[in-house]
Amino acid sequence: MTEITTLRPVILAGGSGTRLQPLSSEGRPKQFLPLLDDDSPFQEALERIDIAECLLPLVIANVRLKDLVLEQADDIAFDLEDLLLEVEGKNTLAACLSAALWAQVRGENYPLLICPSDHFIGDETAFSRAVIDAASAAENGWIVTFGAVADRPVTHYGYIEVGTRLHAGYSGHKVERFVEKPDEETARDLLAQGRFVWNAGIFCVTPETLIKLAQTHCPDILQACEEALKHNQDGILDYGPCASQSLDVAILEKTDQCAVVSLLTSWSDLGTWPGIWKALQLIADQSE
């Protein structure tokens, strides 16, 4: 991806192992299982950002998963150097803020490419194109989310209404609004409007932008992350009693600096059984 500036990938690899029981467990959550082929979704996430020619990633996981993270990276000969380990996961907000603060301490302000570790993405080239678009907008002060093509009225994904195009020179559009996991009737209505995409849960934002937004919208959680990073030992983060919130709810839904870029390929969240079945179907269709 020579067309973009330096990016720092952040792989979110937390999880309690409850969503796909009995297949998953606390000691081996879904992202570390070979759900679709010999590699786990976590390993595929590492390989995906390696293809994108980014810097080496920062991985954020629960402290109990440290050995598993390192083992799976080693199994695919992936050079994993940077790891933050949460004593207790506090949803995506604390993890993302910790990543931004970690980068700031290192003197970095490269866009962070924040990726879940439990997704299927069909076309790496299309993913790279979306990353290029997102990085361009992120460097200009936007917090960018990736929108996957909504082709059926599912009720277990969030939706994004695509607004007006960004200023000349940037790809992507402003986010008009978010719709959280609608019922089936509402989902059908959203699809019929033709302006909605699925929220893929992939984000791109500079540390500076994210920290400034957090100072406005969630200063208490930002402070908890600052304290956890300041007092960490061997990368272990203890957030204390801070609230558990998602990045979407705490910041994206409240700011007018949120943009969306199109992820023009097959996509599925592997955190649900329907998501796995759909991904397997997509793989089968690609091989025909």
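The values are calculated or read from the model by the stated rules, or taken from the named source; none is laboratory data. None of the values given here were measured: they were computed from a predicted structure. Note that we place each Cβ from the backbone using ideal geometry, even for glycine, and neighbour counts take in every protein chain shown.
Given the options 115, 54, name the one that is touching a Pro at 6+ places or on another chain (Cβ under 7 Å) and either without any contact (Cβ under 8 Å) to a residue 24 or more places away in the chain or closer than 14 Å to residue 205 by Cβ (or both). So that I can check it myself, show each step before the final result.
Values: 54 fails: either without any contact (Cβ under 8 Å) to a residue 24 or more places away in the chain or closer than 14 Å to residue 205 by Cβ (or both).
Exactly one residue qualifies, and that residue is 115.
Scan the stretch 157-190 residue by residue and report those that are small (Gly, Ala, Ser) and either assigned to a strand (DSSP E or B) or on the phi > 0 side of the Ramachandran plot (or both).
Looking only at the stretch 157-190, we keep the residues that are small (Gly, Ala, Ser), and these are 158, 163, 168-169, 171-172, 187.
163, 169, 172 - these are the residues of the stretch 157-190 that are small (Gly, Ala, Ser) and either assigned to a strand (DSSP E or B) or on the phi > 0 side of the Ramachandran plot (or both).
Given (1) closer than 16 Å to residue 146 by Cα; (2) within 17 Å of the chain's Cα centre (by Cα); (3) modelled with pLDDT of 95 or more, where does residue 257 come up short, assuming only one miss?
Of (1) closer than 16 Å to residue 146 by Cα; (2) within 17 Å of the chain's Cα centre (by Cα); (3) modelled with pLDDT of 95 or more, only one is false for residue 257: (2).
Out of 94, 135, 103, 126, which single residue is hydrophobic (A, V, I, L, M, F, W, C) and closer than 19 Å to residue 29 by Cβ? Quick ask: steps written out before the conclusion?
Details: 135 fails: closer than 19 Å to residue 29 by Cβ; 103 fails: closer than 19 Å to residue 29 by Cβ; 126 fails: closer than 19 Å to residue 29 by Cβ.
Residue meeting the stated conditions: 94.
Could you say whether any residue in the stretch 253-274 is surrounded by 16 or more Cβ atoms within 10 Å (Cβ to Cβ), of a type outside the set (Val, Ile, Thr) and in a helix (DSSP H, G or I)?
The answer is no, given that none of the residues of the stretch 253-274 is surrounded by 16 or more Cβ atoms within 10 Å (Cβ to Cβ), of a type outside the set (Val, Ile, Thr) and in a helix (DSSP H, G or I).
State all residues of the stretch 227-237 that are in contact with a Leu (Cβ under 6 Å, 6 or more places away or on another chain) and either in a loop (DSSP other than H, G, I, E, B) or surrounded by fewer than 22 Cβ atoms within 10 Å (Cβ to Cβ) (or both); if no residue qualifies, say none.
229, 235, 236 - these are the residues of the stretch 227-237 that are in contact with a Leu (Cβ under 6 Å, 6 or more places away or on another chain) and either in a loop (DSSP other than H, G, I, E, B) or surrounded by fewer than 22 Cβ atoms within 10 Å (Cβ to Cβ) (or both).
Is it the case that residue 65 is on the phi < 0 side of the Ramachandran plot and surrounded by fewer than 20 Cβ atoms within 10 Å (Cβ to Cβ)?
no
Looking only at residues in the stretch 238-252 that are touching a His at 6+ places or on another chain (Cβ under 9 Å) and buried (at least 18 other Cβ atoms within 10 Å of the Cβ), which one is farthest from residue 63 (Cα to Cα)? Give the steps one after another, and end with the answer.
The first filter runs over the stretch 238-252 and keeps only residues touching a His at 6+ places or on another chain (Cβ under 9 Å), leaving 238, 250-251.
Now restrict to residues that are buried (at least 18 other Cβ atoms within 10 Å of the Cβ): 250-251.
Numbers: 250: 24, 251: 26 Å.
Residue satisfying both the conditions and the ranking: 251.
Conditions first: (1) under 20 Å from the mean Cα position of the chain (by Cα); (2) at pLDDT 95 or above; (3) outside any helix (DSSP H, G or I). Residue 221 passes all but one, so which condition is the exception?
Answer for residue 221: the failing condition is (3).
In the stretch 95-102, is there at least one residue being of a type outside the set (Phe, Trp, Tyr), surrounded by 16 or more Cβ atoms within 10 Å (Cβ to Cβ) and within 25 Å of residue 36 (Cα to Cα)?
Checked the stretch 95-102: no residue is of a type outside the set (Phe, Trp, Tyr), surrounded by 16 or more Cβ atoms within 10 Å (Cβ to Cβ) and within 25 Å of residue 36 (Cα to Cα).
Mind checking whether some residue in the stretch 141-148 is farther than 18 Å from residue 7 by Cα, touching a helix residue (DSSP H, G or I) at 6+ places or on another chain (Cβ under 6 Å), of a type outside the set (Asp, Glu) and surrounded by 20 or more Cβ atoms within 10 Å (Cβ to Cβ)?
Step one: list which residues in the stretch 141-148 are farther than 18 Å from residue 7 by Cα, which gives 147-148.
Going one step further and asking which of them are touching a helix residue (DSSP H, G or I) at 6+ places or on another chain (Cβ under 6 Å), we end up with none.
No, the stretch 141-148 has no match at all.
Looking only at residues that are surrounded by fewer than 18 Cβ atoms within 10 Å (Cβ to Cβ) and of a type in the set (Gly, Ala, Ser) in the stretch 275-288, which one is modelled with the lowest pLDDT?
287
Could you say whether any residue in the stretch 121-131 is in a strand (DSSP E or B), within 15 Å of the chain's Cα centre (by Cα) and farther than 23 Å from residue 207 by Cβ? Give the steps one after another, and end with the answer.
Filtering the stretch 121-131 for residues in a strand (DSSP E or B) gives 121.
Those still in the list that are within 15 Å of the chain's Cα centre (by Cα) too: 121.
Checking the rest, the ones that are also farther than 23 Å from residue 207 by Cβ come to 121.
Yes, the stretch 121-131 has at least one match.
Applying the selection to the stretch 149-199, what residues are surrounded by 15 or more Cβ atoms within 10 Å (Cβ to Cβ) and of a type in the set (Ser, Thr, Tyr)?
157, 159, 170, 171
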